[in-house]
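One structure is given here, and the rest of the page talks about it.
Every number here is computed from the coordinates shown, using simple stated rules; none is lab data. All values reported here derive from a predicted model rather than from experimental measurement. In this analysis, Cβ positions are derived from the backbone assuming ideal geometry, glycine residues included, and neighbour counts consider all displayed protein chains.
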Amino acid sequence: MKRVGILTSGGDCQGLNSAIRGVAKGLYNKFAKDEIEIYGIMDGYRGLICGEYRKMEKNEFSGILTRGGTILGTSRQPFKLMRVVDENSVDKVKAMKDNYEKLKLDCLVILGGNGTQKTANLLREEGLNVVSLPKTIDNDLWGTDMTFGFQSAVDIATNVIDCIHTTATSHGRVFIIELMGHKAGWLALHAGIAGGADVILIPEIPYDIKKVIKVVKSRNKEGKNFSIIAVAEGAMSKEIAKMKKKERKEALANIKPSVAYKIAEEVEQATGQETRVAVPGHIQRGGSPCPYDRMLSTRFGVAAAQLIIDENYGNMVALVNNEIVPVPLSEIAGKLKTVPTDSPIIQNARDLGISFGD
Ligand code: F6P
């Protein structure tokens with residue numbers, strides 16, 4: 001008998017349910033009916049800490065391939081607080097281990113982004129058998145070329161830029177479109193190129209506002225009455241990038257309501273051109289996964305099930321050079337995959353005439 005727990009943690013994204021389905025079907029199809037039990041742990045690590053879980057039935061994993069969000073619920077449980085005993089005197093790590101033991105689990109399957117992978121590694125260090133899957137629209141997980149959720153978010157963000165294009169041209173306006181991505185610029189970079197943005201600002205390449213303004217002005221001189229600027233939510237100016245870590249954190253937190261509005265104000269003031277902001281926000285994480293993510297998350301799920309069958313624990317399934325492989329959690333946890341500034345994608349964009357404001 002194999003007893004497997006499964007949880008989804010951190011911000012949701014498209015493809016979580018298809019990944020859960022992949023894990024479940026991958027297991028049910030390898031074991032006889034009475035040889036496998038799957039336990040759904042509710043709302044991420046919160047459910048493991050509080051003991052909120054239930055035995056899932058096989059049919060609960062059917063009909064969820066195209067459904068957005070997560071059938072298990074999710075929550076944010078910051079890694080840095082995992083070892084901190086909370087106000088109710090709960091030792092979270094001990095509670096998670098106790099519930100794992102109570103359920104007599106052979107393995108815990110964990111679907112999540114950066115913080116989630118760090119806690120997965122902590123649980124591995126504590127002696128639990130874990131297998132994890134890389135999810136996030138930010139695509140910023142070390143060890144995998146691609147996370148599921150990313151391509152669906154790129155689709156949505158690109159569609160936003162497409163829609164803004166038509167209104168921007170009609171009105172002759174500058175539009176600043178702020179895209180998610182946390183501290184990484186993958187989403188803004190991919191959607192920016194796919195949507196034909198004139199300027200793409202990402203955290204990895206600090207911008208000089210004068211260069212951004214120059215692009216808008218020279219486009220006007222060429223007779224182009226509109227400009228599209230795709231900005232990653234974590235983008236920062238050269239001045240802020242130069243600051244020491246603590247100062248920089250404060251300066252970024254003081255930009256209200258967000259970087260797109262600051263840039264819009266500066267561009268409008270310098271060019272006199274009507275400037276608007278569009279922030280799609282959590283829409284980028286919502287709805288049905290695109291076919292690429294259905295495929296990737298399903299493959300990740302089936303690969304995770306195989307790792308459980310092989311008792312090959314302590315790994316995250318990853319996409320490396322188009323192959324699904326296990327990567328040790330100890331090697332990837334806590335590392336951020338940002339956009340390399342010498343990435344060929346950046347060079348392609350530059351060759352196309354896209355400005356990064358540098
Ligand atoms: O990590 C996914 C993400 O959507 C980031 O792009 C964004 O910065 C963050 O989560 C938003 O977090 P929340 O859903 O907690 O507002």
Which three numbers, in whole Å and largest first, are the semi-axes of the equivalent ellipsoid of the stretch 151-285 derived from its Cα gyration tensor as √(5λ)? 22, 19, 12
Return the single residue from Val320, Val199, Val23 with maximal mean-square fluctuation; model: Gaussian network over the chain, springs between Cα atoms under 10 Å. Val320
Three-way shape call for the stretch 319-358 based on the alpha-carbon gyration tensor, with the a/c threshold at 1.5: oblate
Enter the angle in degrees (range 0 to 90, nearest 10) between the Cα long axis of helix 92-102 and the first principal axis of the Cα atoms of the chain, meaning the one along which they spread out most. 40
If you average over every viewing direction, what projected area does the convex hull of the Cα atoms of the stretch 236-345 give, in nm²? 11.4
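When each pair of different Cα atoms in the stretch 130-190 is counted once in the 1/r mean, what is the Kirkwood radius in angstroms, to one decimal? It would help to have the intermediate numbers written out before the result.
On the way: mean 1/r = 0.0772 Å⁻¹.
Across the stretch 130-190, the inverse of the average 1/r is 12.9 Å.
What is the dipole size for the stretch 151-285, taken about its Cα centre, with +1 at each Lys and Arg Cβ and -1 at each Asp and Glu Cβ, in debye to the nearest 20?
Values: 20 positive and 15 negative charges, 103 e Å.
Magnitude of the dipole: close to 500 debye.
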The distance between the Cα centres of the stretch 130-144 and the stretch 75-124, in whole Å, is 17
Taking neighbour Cβ counts within 10 Å as the exposure measure, how do Asp162, Asp293 sort from fewest upward? Asp162, Asp293
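Test of understanding: ordering Cys13, Cys290, Cys50 by Cβ neighbours within 10 Å, fewest first, what list do you get? Can you show the working numbers first?
Details: Cys13 31, Cys290 20, Cys50 16.
Going from sparsest to densest Cβ surroundings: Cys50, Cys290, Cys13.
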So what does log10 I(q)/I(0) come out to for the stretch 33-185 at q = 0.11, 0.19, 0.21 Å⁻¹, using the Debye formula with one equal point on every Cα and no solvent? -0.57, -1.25, -1.41
Mean projected area (nm²) of the alpha-carbon convex hull when the chain is viewed from all directions: 18.6
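Based only on Cα atoms, what Rg/Rh ratio does the stretch 225-281 have, Rh being taken as Kirkwood's radius?
Working: Rg = 12.6 Å, Rh = 12.5 Å.
Answer for the stretch 225-281: 1.00.
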Hydrodynamic calc, the stretch 184-246: Kirkwood Rh from Cα pairs, then Stokes-Einstein at 10 °C with viscosity 1.306 mPa s, so D in µm² s⁻¹ is 127
Per-residue ellipticity at 222 nm for the chain, helices alone: DSSP H runs ≥ 4 residues times -39500 (n - 2.57), over residue total, nearest 500 deg cm²/dmol? -12000 deg cm²/dmol
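Just tell me the longest site-free run in the chain, where the sites are GluC sites (Glu not before Pro) in a DSSP loop having at most 11 other beta-carbon atoms within 10 Å.
Values: sites that count: Glu57, Glu87, Glu222, Glu311.
Result for the longest clean stretch: 88-221.
How big, in percent, is the set of alpha carbon pairs in the stretch 60-107 lying more than 18 Å apart?
55
Can you give the FRET efficiency to the nearest 0.05 for Thr341 and Asp310, using r as the Cβ-Cβ distance and R₀ = 30 Å? Numbers along the way, then the final one.
Numbers: r = 39 Å, r/R0 = 1.29.
It comes to 0.20.
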Which distance in Å, rounded to a whole number, links the C-alpha centroids of the stretch 317-358 and the stretch 215-267? 23
Among Ser355, Ser170, which comes first, second and so on when ranked by fewest other beta-carbon atoms within 10 Å? Ser170, Ser355
